[in-house]
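Read-outs: derived from the displayed coordinates by stated rules, not from any lab. This one's a predicted model, so the numbers in the text were calculated from it and none came from an experiment. Here the Cβ positions follow ideal geometry from the backbone for every residue, glycine too, while neighbour counts run over all protein chains shown.
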Amino acid sequence: MRGSTLSGQCVRSGQNGVMQQHAQGESGEFEVRRALASLIPLLESPDPAARLQRYTSDAIFVQPGAAPVRGHEEMRVRNVTVLHGVTLEPELIEVRDDLAYAFGWFNCGVDTPDGQRVEVPAHFLMVLRKEPDGAWRIAREFITPTA
């Protein structure tokens, strides 16, 4: 089993993507935390297209030094990096009706072309939308390296 952290609480992904999360709190916030936790194994998956299920079809992903990635088709082509040892630690989550935001810390390992693995610490801001099927999906994601 591989361990990842979400908001200071251990989230483990095991075989078949089974997630265990120990968190309490308000229903909407818990659902958003669960949605963020379910993203971790998808970011670490050798099939980067698998992560599309956690994003809205009109999602926009923004990171420094690159044009925004808009929608599933661009994500399928441009967001192909497999991440390692992903940690998401939300500092703030606020839920209002069918919209929520989460702000916090993100860390992962990325393999370089020369075979080295580098750590990428960052801050994130995600806006999530509750879709008609009841699932919280990321509609906007902003990542910026920590100073």
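Treating r as the C-beta distance of Glu94 and Gln116 and R0 as 25 Å, the FRET efficiency rounds to 0.05.
Label-point separation (nm) for His123 and Ile143, each offset 7 Å from Cα along Cα-to-Cβ? Output for this residue pair reads 1.7 nm. Near Ala59, the amide H atoms lying under 5 Å from its own belong to Gly71, His72; only residues 5 or more places off or on other chains count, and H is placed 1.01 Å from N.
Restriction of the GluC sites (Glu not before Pro) in the stretch 19-104 to DSSP coil positions whose beta-carbon has at most 16 other beta-carbons within 10 angstrom yields Glu26. Along the stretch 132-147 the Karplus relation, 6.51 cos²θ - 1.76 cosθ + 1.60 evaluated at θ = phi - 60°, assigns HN-Hα couplings of x, 7, x, 8, 7, 10, 6, 9, 9, 9, 10, 10, 9, x, 6, 7 Hz to successive residues, with x for each Gly and Pro. Ordered by the count of other Cβ atoms within 10 Å of each Cβ, fewest first, Ile93, Ile143 give Ile143, Ile93.
Evaluating 6.51 cos²θ - 1.76 cosθ + 1.60 at θ = phi - 60° for every residue in the stretch 45-60, the Karplus couplings come out as 5, x, 10, x, 5, 4, 5, 4, 5, 8, 10, 5, 5, 9, 4, 10 Hz, glycine and proline recorded as x. Residue by residue, the stretch 82-92 carries 3J(HN,Hα) couplings of 7, 9, 10, x, 5, 10, 10, 10, x, 8, 9 Hz when phi is fed to the Karplus relation 6.51 cos²θ - 1.76 cosθ + 1.60 (θ = phi - 60°); x denotes Gly or Pro.
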